[in-house]
Amino acid sequence: MSTYRLDPITKEMATDHANREAEIYGFKYGSPKWIKAYKEFANEAVHTMAVGRNPSSKNSHSYKIRT
(Lines give C-alpha, C1' and ligand atoms only; values in the text may rest on other atoms or scores of the structure.)
Protein backbone atom coordinates (compact mmCIF):
# COMPACT_ATOMS: atom_id res chain seq x y z
CA MET A 1 0.00 0.00 0.00
CA SER A 2 1.29 3.45 -0.88
CA THR A 3 1.18 6.59 1.19
CA TYR A 4 0.07 9.84 -0.42
CA ARG A 5 0.33 13.41 0.78
CA LEU A 6 -2.96 15.14 0.01
CA ASP A 7 -3.37 18.86 -0.42
CA PRO A 8 -5.76 20.63 2.00
CA ILE A 9 -8.57 20.92 -0.56
CA THR A 10 -8.52 17.21 -1.37
CA LYS A 11 -8.42 16.37 2.36
CA GLU A 12 -11.47 18.57 2.93
CA MET A 13 -13.31 16.97 0.02
CA ALA A 14 -12.48 13.46 1.27
CA THR A 15 -13.69 14.38 4.75
CA ASP A 16 -16.93 15.82 3.35
CA HIS A 17 -17.46 12.68 1.28
CA ALA A 18 -16.91 10.41 4.28
CA ASN A 19 -19.24 12.56 6.39
CA ARG A 20 -21.98 12.33 3.74
CA GLU A 21 -21.54 8.55 3.52
CA ALA A 22 -21.86 8.35 7.31
CA GLU A 23 -25.08 10.36 7.23
CA ILE A 24 -26.56 8.34 4.36
CA TYR A 25 -25.61 4.88 5.62
CA GLY A 26 -25.84 5.55 9.36
CA PHE A 27 -22.34 4.85 10.61
CA LYS A 28 -20.33 7.00 13.00
CA TYR A 29 -17.73 9.59 12.10
CA GLY A 30 -14.25 8.16 12.57
CA SER A 31 -15.48 4.55 12.46
CA PRO A 32 -13.78 1.95 10.24
CA LYS A 33 -16.47 2.46 7.58
CA TRP A 34 -15.87 6.24 7.70
CA ILE A 35 -12.12 5.70 7.30
CA LYS A 36 -12.77 3.34 4.38
CA ALA A 37 -14.97 5.95 2.64
CA TYR A 38 -12.28 8.61 3.22
CA LYS A 39 -9.53 6.39 1.81
CA GLU A 40 -11.60 5.35 -1.20
CA PHE A 41 -12.24 8.99 -2.08
CA ALA A 42 -8.59 9.93 -1.56
CA ASN A 43 -7.37 7.02 -3.70
CA GLU A 44 -9.77 7.95 -6.50
CA ALA A 45 -8.69 11.60 -6.30
CA VAL A 46 -5.00 10.68 -6.46
CA HIS A 47 -5.63 8.30 -9.36
CA THR A 48 -7.58 10.96 -11.24
CA MET A 49 -4.88 13.59 -10.67
CA ALA A 50 -2.13 11.20 -11.74
CA VAL A 51 -3.82 10.08 -14.96
CA GLY A 52 -5.52 13.33 -15.91
CA ARG A 53 -8.94 13.79 -17.38
CA ASN A 54 -10.06 13.24 -20.90
CA PRO A 55 -13.30 15.13 -21.56
CA SER A 56 -13.91 13.17 -24.77
CA SER A 57 -13.77 9.82 -22.97
CA LYS A 58 -16.86 7.72 -23.54
CA ASN A 59 -16.14 5.61 -20.45
CA SER A 60 -17.24 8.28 -17.98
CA HIS A 61 -18.99 7.22 -14.80
CA SER A 62 -22.40 8.45 -13.74
CA TYR A 63 -23.45 8.54 -10.13
CA LYS A 64 -26.88 8.65 -8.55
CA ILE A 65 -27.74 10.15 -5.20
CA ARG A 66 -29.30 7.70 -2.80
CA THR A 67 -32.56 9.08 -1.44
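The values are calculated or read from the model by the stated rules, or taken from the named source; none is laboratory data. It should be emphasised that the depicted structure is a prediction, and the values quoted were computed from it without experimental measurement. Neighbour counts run over all protein chains shown; Cβ positions are idealised from the backbone, glycine included. Heads up: the accessible areas ignore ligands, DNA and RNA and are worked out on the full protein's heavy atoms, side chains in. Shrake-Rupley method; radii C 1.70, N 1.55, O 1.52, S 1.80 Å.
A search for C-beta distances below 7 Å between a residue of region 28-43 that is under 13 Å from residue 16 (Cα atoms) and among the hydroxyl-bearing types (Ser, Thr, Tyr) and any residue that is open to solvent by less than 100 Å² (accessible area, probe 1.4 Å) and part of a helix (DSSP H, G or I), counting only pairs 6+ apart in sequence or on different chains, returns 29/19; 29/22; 38/14; 38/15; 38/18.
Taking the criterion of being modelled with pLDDT under 80, over 15 Å from residue 4 (Cβ atoms) and open to solvent by 100 Å² or more (accessible area, probe 1.4 Å), the only residue of region 32-53 that qualifies is 53.
Among the residues making up region 1-33, those that are assigned to a helix (DSSP H, G or I), under 15 Å from residue 44 (Cα atoms) and charged (D, E, K, R) are 11, 12, 16.
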